[in-house]
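The values are calculated or read from the model by the stated rules, or taken from the named source; none is laboratory data. Predicted, not measured: the structure shown is a model, and the values here were computed from it. Neighbour counts are summed over all protein chains in view; Cβ atoms, including those assigned to glycine, are modelled from backbone coordinates with ideal geometry. Side chains are part of the model used for accessible areas, which takes the heavy atoms of the whole protein and leaves out ligands, DNA and RNA. Shrake-Rupley method; radii C 1.70, N 1.55, O 1.52, S 1.80 Å.
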Amino acid sequence: MGEESIYNLLPTVRQPEAKNPRYKSVFSDAARSDYKSHKQASKTMGPAKVSPSKPNEFMTKRSKEPVLPEKAPFTRPNADQRRPPVPKKDEKPVMGLKSNKNFIHTNAVENIMSVAKKPQPKYVDTPGGTTNEMENSGLVPKYIKKDNYGTVPKYLESRKKQMAEHQKNYEEYIQQRLQKGALNQIAAAERQATLDGLKKNWEELHLQYQGLSVVTDTAPKKARKERMEAEMKQLEKDIDTIEKHKIIYVTDNF
């Protein structure tokens with residue numbers, strides 16, 4: 001208890017404590033504007049906008065509870081593989097069973113008659129001795145040991161048969177045209193003479209082409225060069241056609 005004093009009867013006015021000004025960072029405005037400029041949807045605490053549900057689609061009682069499947073009788077997966085039950089105390093086992101089998105002789109015969117197991121072929125591919133099976137490594141020749149290896153495929157045989165039929169039909173058509181006199185076969189000497197003449201013309205044209213000016217600065221030079229190139233190309237095409245076909249037929253209108 002304090003001592004009584006007349007000064008305690010007078011009301012005292014408390015002076016408010018002076019507080020320091022609140023701290024404010026000088027970078028707060030810059031940080032706020034930078035945060036607002038980089039703000040995107042669904043990158044804060046939840047999505048930015050959530051569409052409200054309809055008034056008639058309100059949440060009902062126990063609507064969020066998981067729906068369990070219907071109850072089914074439980075069966076163990078190995079129910080059919082159960083061991084026989086344990087014998088009861090009043091059940092007596094069968095006694096006096098003996099076997100005349102000579103296990104030593106039987107094991108010896110089985111080992112003698114058995115075939116030795118061949119070791120699995122493997123290969124080592126690391127300095128540490130890591131082994132791998134050679135069966136799927138690509139080092140074992142499998143395809144050359146197949147029954148159909150080296151045989152002609154069926155589609156090639158069918159294609160060859162079709163080509164033979166087309167050739168036969170073409171020869172029959174040519175024979176019919178020859179009998180009618182609409183086609184004449186060129187002799188081998190005439191064919192060779194035509195081929196030699198085409199080659200000679202190509203050589204002469206090629207010699208003239210090599211004598212052309214390198215710079216084609218005028219329209220006549222350019223036109224002459226293009227004309228000679230077209231003629232040489234046509235001669236090459238004709239020579240190739242005659243060399244490919246040994247037998248040539250010419251119509252009466254040729």
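Need the full-extension length gain, Gln81 to Ile6, defined as separation in residues times 0.36 nm minus the C-alpha distance. One decimal, nm.
16.6 nm
Given only helices, namely DSSP H runs of n ≥ 4 each adding -39500 (n - 2.57), what is the per-residue ellipticity at 222 nm of the chain, to the nearest 500 deg cm²/dmol?
-13000 deg cm²/dmol
Counting pairs of Cα atoms in the stretch 3-136, how many percent are more than 20 Å apart?
Summing the P(r) tail past 20 Å for the stretch 3-136 gives 87 percent.
Can you give me the Kirkwood hydrodynamic radius for the stretch 191-238, using every pair of distinct Cα atoms, in Å to one decimal?
It is 11.5 Å.
Pop out the Kirkwood hydrodynamic radius of the stretch 59-140 from its pairwise C-alpha distances, inverse of mean 1/r, in Å to one decimal.
The answer is 22.6 Å.
Lys and Arg at +1, Asp and Glu at -1: add these up for the other residues within a Cβ distance under 14 Å of Tyr123 and post the number.
On the way: positive: Lys122; negative: Asp125, Glu133, Glu135.
That sum, taken over residues with Cβ under 14 Å, equals -2.
Placing +1 on the Cβ of each Lys and Arg and -1 on the Cβ of each Asp and Glu in the stretch 189-247, which of Ile242, Thr216, Thr194 has its Cα farthest towards the positive end of the resulting dipole?
Looking along the dipole axis, the top candidate is Thr216.
Full extension from Gln162 to Leu207: what is 0.36 nm times the residue separation minus their Cα-Cα distance, to one decimal in nm?
Length difference between fully extended and current span is 11.6 nm.
If you build the Cα gyration tensor of the chain and take the root of 5 times each eigenvalue, what three semi-axes come out, in whole angstrom, biggest first? List each step's numbers first, then the result.
Values: eigenvalues 1798, 861, 172 Å².
Output for the chain: semi-axes of 95, 66, 29 Å.
By how many nm would the segment from Asp240 to Phe103 lengthen if fully extended, with 0.36 nm per residue of separation less the alpha-carbon distance? Mind showing how you got there, number by number?
Details: separation 137, 0.36 × 137 = 49.32 nm, distance 8.75 nm.
Additional length available on full extension: 40.6 nm.
Compute the accessible area per residue over the stretch 55-145, keeping the other protein chains in place, probe 1.4 Å, unit Å².
On the way: 10270 Å² over 91 residues.
Per residue, the stretch 55-145 has 113 Å² of solvent-accessible surface.
Rounded if a/c is under 1.5, else prolate if a/b beats b/c, else oblate: with a ≥ b ≥ c from the C-alpha gyration tensor eigenvalues square-rooted, which is the stretch 103-254?
Details: a/c = 6.11, a/b = 2.14, b/c = 2.86.
Oblate shape, in that a/c is at least 1.5 and b/c is the bigger or equal ratio.
If the limit is 20 Å between Cα atoms, which of Lys199/Lys246; Lys161/Lys246; Lys200/Lys244; Lys168/Lys246; Lys199/Lys244; Lys200/Lys222 go over it?
Violating the 20 Å limit, Cα to Cα: Lys161/Lys246; Lys200/Lys222.
Which aspartates and glutamates, on any chain, are close to Lys71 with Cα under 20 Å apart, when same-chain ones fewer than 8 places away are left out?
The qualifying aspartates and glutamates are none; the list is empty.
So what's the angle, to the nearest 10 degrees on a 0 to 90 scale, between helix 219-244 and the longest Cα principal axis of the chain?
Tilt relative to the chain: about 80 degrees.
The stretch 52-90 to the stretch 111-154: how many Å between their Cα centroids?
Answer, in whole Å: 51.
If you roll a 1.4 Å probe over the heavy atoms of the protein chains, what accessible area per residue do you get for the stretch 192-254, in Å²?
80 Å²
How much net charge surrounds Pro220 when only other residues with a Cβ under 14 Å from its Cβ are counted (Lys, Arg +1; Asp, Glu -1)?
+3
Accessible area of the chain with a 1.4 Å probe: how many percent of it is carbon plus sulfur?
Carbon-and-sulfur percentage of accessible area, whole number: 55.
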